[in-house]
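Please read the structure below before turning to the comments.
The values are calculated or read from the model by the stated rules, or taken from the named source; none is laboratory data. The shown structure was predicted, so the numbers you read here are calculated from the model rather than taken from an experiment. All Cβ positions, glycine included, derive from the backbone under ideal geometry; neighbour counts span all protein chains shown.
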Amino acid sequence: MAHGPFLWLFLLHLCLLSSNAWARVEVTMHAGVEVYLSDSAQIPCQYRFTNVDSEPSFVVTQWFVRSAGHTRTRIFYFDTDAVSAADNNTEYTSRLQVTRDAEGTVLTIRDVQLSDEREFFCQVNGMEAGAGEGKTHLRVFAPPEAPVIEGVLTGISVTKEGPSKVASCEVTNGFPKPNITWYRNNLPLTPDPGNVNVLSLIWETKGLYSVESTLEYKVVKEDREARFSCEVSFSVPGAIRTVESNTINITVYYPTTMVELWKETPRGLVKEGDAVELHCQGDGNPPPSFIFSREQEVDYDMPVLGQVLALAAVTRKDSALYQCRPEHADGNAEVRGEVQLTVHYLDPAVVVPKESEFMIKGEDLTASCNALSSLKTSTVWYKEGKQVGKGNTLHLQDATYDTTGEYKCEVTVPSLPALKTSGSVNIIVQGGPQLIGVEQEVQLEEVQGMMINLSCEAVGHPLPSISWSIIGGQHWLETEVVNKVKEHMARSVVSVQVTSDISAQCNASSEMGTEVKTFSIRAVPRATTTAPFSPVDRSGGIIVGIIVCLLLLAILGSVLYFLYKKGKIPCGRSGKQEISNKEITKDDIVVEMKTNPKTEETVLLKAVNGGKGMPNDK
């Protein structure tokens, strides 16, 4: 469109074109120029003149754009006199600039818009040198936002006929329109009727395109671990780029085809009284509820707690083959799990003979201890905490009173230590009294006047009684009587004063006999001495020693008297001596000399024999 002063130039241009058709201008332009939205685009226009001797002195360059309806609109004018101007009232008036270089001119469009994607024309007019034209298609690109993928929240059943919606993928604000491709485990999914459908929804906002793609897919059981993703591809200047979304997995529902049943608790062997948990698990999704049953009671359904069957305080009657099957097995009765539960037991011990058993002294006895068990047992016998036998039977031979007592058997299960039981039998050995001690007759020597204790113990069953027969003892007293019924032992102690020789008999008797123990006691006279003493040795050795000492002292006194008579011992009135009348003990003999004014010539010699003096001591 021509305006104002440019009208005559345009008319001149037409005349020159018609009159110089033989001259030609070669215009070179890019077929297309690509630019990002809002960037600046540069469209070069290069030209040269042919069939002329030299470059024309005046050249006019005009720029046009193809408008709607394939009409052209001029948007810029430029000539060699540096006269340039953008046409008024166009959408490019404020955004254009033309510069010249050695090979032509360059049109610059600032702040490129989506509407700028069109054809731009460059016309070059060299007047008489001729005219030419070229065009460039400007392409504008706007990368979209990153793709957003969303999977379905509900589970998808493999039994559903036809594809089901799996996920949706959305990209927004791209130009030109972006494309979406679906992937399963990094492999692209292509439309496949009956298995894969891809539905797309496209909308435009301010010239930018948004795309929502929906994937419909026929799921199979293996898709429970599959990863789905979408990828958007879009054009940019000089290339095609792609951006992949996050990966998602989907919930796949599929029927149960295999069931497993196992004992969770307790670990190891099961005994009566244990709490047992049986766990059932299948490979279906969602996990089904299970119906439990026992092989012997096929039609009996047991209480179900989710996937666990809890049995409290089991007994041997709970031993059975247990089964579980999905609550909705869809008629597939073969889908089930099985486990054999064995409840082990140990019955109370049975001891023969029972409770108490009487034996005659010298007899033999065999006791047995048995306990019914589902496992191998071990039996040990104890008496007073000490092991006395091993095995189910206990042999007692040649019974004595020491054989009497309680025998306890303990039955255990080595493979299941928690199982144990016990029983006992009380053995009582019967017989006549038996005195304790190796001597049946005891000989003693005791000092006259002393009190001695005589002890007598006897065992037997029935419990013996003890009586005493004492001859020669004027004073005696039974000071202790002990009857231990459990040990079948009787004990008696008497205190006897030795006044003369004594014969004492201990009689242990019962209805099954009598046994006697004799004590013969010889009374030893107490030694005469001024010093009191207590016999230490019942054998009389101390008394013999004292007599020897007395004889030595008598000899010493005689020697001293003889020397005195002969005058070998000088003695004045003040030096006369006599033997003291003090009593002399067996441990301390003293000879004392002292002056007697009345009888200077008299020497008194006293010994330890009761204070008696010599014959001449008057």
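Worth a mention:
- Some residue of the range 285-305 being in the same structural domain as T172 (by TED's automatic domain parsing) and either touching a His at 6+ places or on another chain (Cβ under 7 Å) or without any contact (Cβ under 8 Å) to a residue 12 or more places away in the chain (or both): no
Each row is one residue, and each column tells you yes or no for (1) touching a strand residue (DSSP E or B) at 6+ places or on another chain (Cβ under 6 Å); (2) at pLDDT 90 or above.
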position: Y407; (1), (2): yes, yes
position: S424; (1), (2): yes, yes
position: I436; (1), (2): yes, no
position: Q443; (1), (2): yes, no
position: E446; (1), (2): yes, no
position: M450; (1), (2): no, no
position: C456; (1), (2): yes, yes
position: H461; (1), (2): yes, no
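- Qualifying position, being closer than 30 Å to M258 by Cβ, modelled with pLDDT of 95 or more and among the aliphatic types (A, V, I, L, M), among V343, V304: V343
- Residue in the range 489-499 that is in a loop (DSSP other than H, G, I, E, B), among the basic types (K, R) and farther than 17 Å from V447 by Cα present: no
- You will find that of D101, D116, the residue that is out of contact with any Asp or Glu (no Cβ under 8 Å at 6 or more places or on another chain), surrounded by 14 or more Cβ atoms within 10 Å (Cβ to Cβ) and of a type in the set (D, E, K, R) is D116 and no other.
- The single residue among L201, L261, L208 that is out of contact with any Pro (no Cβ under 6 Å at 6 or more places or on another chain) and free of Cβ contacts under 8 Å to residues at least 24 places away in the same chain turns out to be L201.
- Candidates T214, T172, T181, filtered to the one that is part of a strand (DSSP E or B), of a type in the set (S, T, N, Q) and out of contact with any Asp or Glu (no Cβ under 9 Å at 6 or more places or on another chain): T214
- Residue ranges of strands (runs of 3 or more DSSP E) in the range 364-456 with at least 1 members more than 30 Å from K317 (Cβ to Cβ), of a type outside the set (V, I, T) and touching a helix residue (DSSP H, G or I) at 6+ places or on another chain (Cβ under 8 Å): 393-396, 420-435
- Filtering V270, V252, V219 for residues that are under 25 Å from N185 (Cβ atoms), crowded, with 18+ Cβ neighbours inside 10 Å and out of contact with any Pro (no Cβ under 9 Å at 6 or more places or on another chain) leaves a single hit, V252.
- Residue check for V411: touching a Cys at 6+ places or on another chain (Cβ under 9 Å), over 28 Å from E511 (Cβ atoms) and in contact (Cβ under 8 Å) with a residue 12 or more places away in the chain: yes
- Annotation: V166 fulfils all but one of (1) of a type in the set (A, V, I, L, M, F, W, C); (2) crowded, with 17+ Cβ neighbours inside 10 Å; (3) without any contact (Cβ under 8 Å) to a residue 60 or more places away in the chain; the unmet one is (3).
- Single condition S293 does not satisfy, out of (1) surrounded by 14 or more Cβ atoms within 10 Å (Cβ to Cβ); (2) part of a loop (DSSP other than H, G, I, E, B); (3) at pLDDT below 90: (2)
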